[in-house]
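Enquirer: After the structure tokens below, expect a handful of questions from me.
The values are calculated or read from the model by the stated rules, or taken from the named source; none is laboratory data. Everything numeric in this text was worked out from a predicted model, so none of it was measured. When we count neighbours, we look across all protein chains shown, and the Cβ atoms used for this are built from the backbone with ideal geometry, even at glycine. Heads up: the accessible areas ignore ligands, DNA and RNA and are worked out on the full protein's heavy atoms, side chains in. Shrake-Rupley method; radii C 1.70, N 1.55, O 1.52, S 1.80 Å.
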Amino acid sequence: MARQPIEFLVSPKVIELPLLAGEDFGRYFAIVLANVPKLDEPTVARLKAFVSGGGGLLVAPGNRIDRDYYNDVLFAGGEGLLPARL
């Protein structure tokens, strides 16, 4: 019996933080921030536009994040990208 080829629903692409600023977010359905310490202001603005336009954002905090930054900039009193404070 021949094996059927496996088709994946998700094809992740790892982008190192220094290269994120030049990435075209419009190419993706969702973006995962996995243990990302901080983002520059232009990247945060682009992520807000991406999410506002229907893109998905998953934030997976880890030991490298700056909790105060995430709360101040990404939660922003409930007006930012995060749904809750860390």
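Enquirer: Determine the share of the chain's accessible area contributed by carbon and sulfur atoms, expressed in whole percent, with a 1.4 angstrom probe.
Expert: In the chain, the share of accessible area belonging to carbon and sulfur is 56 percent.
Enquirer: How many percent of the alpha carbon pairs in the chain exceed a separation of 16 Å?
Expert: That fraction is 56 percent.
Enquirer: Here's something else I'd like to know. Could you work out how far apart the two model spin labels at Phe8 and Val44 are, taking each label as a point 7 Å from the Cα in the direction of the beta carbon, and quote it in nm?
Expert: 3.2 nm
Enquirer: What is the sum of charges around Arg67, taking Lys and Arg as +1, Asp and Glu as -1, for the other residues whose C-beta is under 14 Å from the C-beta of Arg67?
Expert: Neighbourhood net charge equals 0.
Enquirer: So what's the angle, to the nearest 10 degrees on a 0 to 90 scale, between helix 41-52 and the longest Cα principal axis of the chain?
Expert: The angle comes out near 60 degrees.
Enquirer: Counting only residues 5 or more places away or on other chains, whose amide H sits under 5 Å from the amide H of Ile31 once H atoms are built in the peptide plane?
Expert: Long-range HN contacts for Ile31: Gly56, Leu57, Leu58.
Enquirer: Could you state the accessible area per residue of the chain in Å², with a 1.4 Å probe and every protein chain left in place? Before the final figure, lay out the partial values.
Expert: Details: 6590 Å² over 86 residues.
Result: 77 Å² per residue.
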